[in-house]
Amino acid sequence: MNAQNSTDILDIYLPLAQALADEARTLALRRFRTRLDVSIKADDSPVTIADREIEAALRARLAVACPTHGIFGEEQGREQLDADYVWVIDPIDGTKSFITGSPLWGTLLALLHRGRPVLGMIDIPFTGERWWAAAGGAAQYQGAATHASACGALAAARLYATSPDLFGDGDRMRFERVGAAVALRRYGGDCYSYGLLASGHVDLVVEAGLQPYDYLAMVAIIEGAGGVVTDWQGQPLGLESDGRVLAAATPALHAAALALLQD
């Protein structure tokens, strides 16, 4: 397969991404809320057989459908990252939620073209929800266009972060400046928080300590919903970003939060 424009992304690669997410959903739900052995990886994060078998299945499908494409997956590493197209896979974003029975975990898929995210998908198997977008197009939720809120002021904003444990001392101080300025803040949600932002229920997501497979799927979705997503320096997110993410419903809200995240 080869695609050169946004029409091809939608016609060729969106159906493939949908099929990948469908397969991941089936495999994940088969394991969810069952007794699983949990291993701890070198970075102290947990992993289960569900994470590994989902990624293996998606890689096998991609090897047939797109043999010239690269892959960057959480569990099985990197292949052909110098390819024009690279798929970025998080089989279960929110493994801690998954192993404790919380339903707010999902599968994340991104397709990069020469390092730029051109397709993103968030699939939440337990609730049956799915967000996706192609670069330059409107974000979709359950097949209909969705839009971020119009919130432009920190004092009115609803903020989410996955966990306070993700912030080191310096990052925690900066995050607290934002947290003290907003109307409401909540922890938890993992990738679900970004979907809620794209649908107008959450106004800000501030994270640190993430990996490319944790955030690259969000780029096209947040931007397609009218929002802004960057690192804490206001730079576009890519494979080499430092894991600090700021997503906001509007440019004004993003600018206000970004100012508080500076040293």
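The values are calculated or read from the model by the stated rules, or taken from the named source; none is laboratory data. Computed from a predicted structure; not experimentally measured. Cβ atoms come from the backbone with ideal geometry, glycine included; neighbour counts cover every protein chain shown. Surface areas here come from the heavy atoms of the whole protein model, side chains and all, with no ligands, DNA or RNA. Shrake-Rupley method; radii C 1.70, N 1.55, O 1.52, S 1.80 Å.
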Exercise. In degrees between 0 and 90, to the nearest 10, how far off the longest principal axis of the chain does helix 212-224 point, with axes built from Cα atoms?
Worked result: 70 degrees
Exercise. How much of the accessible area of the stretch 1-145, in percent, comes from carbon and sulfur atoms when a 1.4 Å probe is used?
Worked result: 50 percent
Exercise. Going toward the positive end of the dipole of the chain, with +1 on Lys and Arg Cβ and -1 on Asp and Glu Cβ, which of GLY128, SER193, GLY224 do you reach last?
Worked result: GLY128
Exercise. ³J(HN,Hα) across the stretch 20-32 via Karplus (A = 6.51, B = -1.76, C = 1.60, θ = phi - 60°), whole Hz, x for Gly/Pro?
Worked result: 4, 5, 4, 5, 4, 4, 4, 5, 5, 5, 5, 9, 5
Exercise. Along the positive direction of the dipole of the chain (beta-carbon charges: Lys, Arg +1; Asp, Glu -1; about the Cα centre), which of LEU246, SER149, GLN211 reaches farthest?
Worked result: SER149
For this session: Considering the options ALA65, VAL88, TYR160, tell which one lies farthest towards the positive end of the dipole of the chain, charges being +1 on Lys and Arg and -1 on Asp and Glu at the Cβ, about the Cα centre.
Result: TYR160
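Under a point-charge model restricted to the Cβ atoms of Lys and Arg (+1) and Asp and Glu (-1), what is the dipole moment magnitude of the stretch 137-263 relative to its Cα centre, in debye to the nearest 20? Write out the running numbers ahead of the final one.
Details: 7 positive and 13 negative charges, 92 e Å.
Using only the charged Cβ atoms, the result is roughly 440 debye.
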Seminar exercise, completed: Here the FRET efficiency for ASP37 versus ILE12, based on Cβ atoms and R0 = 41 Å and rounded to 0.05, is 0.60
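Based on the Cβ-Cβ distance from VAL64 to ALA155, what FRET efficiency comes out when R0 is 51 Å, to the nearest 0.05?
Working: r = 52 Å, r/R0 = 1.02.
Once the sixth-power term is evaluated, E becomes 0.50.
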Exercise. Of ALA198, ALA24, ALA42, which has the largest mean-square fluctuation in a 10 Å C-alpha GNM of the chain?
Worked result: ALA42
Problem set entry | Mean separation of Cα contacts under 8 Å, 6 or more apart, over the residue count of the chain: relative contact order % | 16 percent
Problem set entry | Most mobile listed residue (GLY224, GLY137, GLY195) in the chain, GNM with C-alpha springs under 10 Å | GLY137
Exercise. What is the P(r) of the stretch 48-162, as percent of Cα-Cα pairs per 10 Å bin from 0?
Worked result: 13, 36, 35, 14, 2, 0
Problem set entry | Among GLY243, GLY143, GLY70: highest mean-square fluctuation, GNM of the chain, C-alpha pairs under 10 Å | GLY143
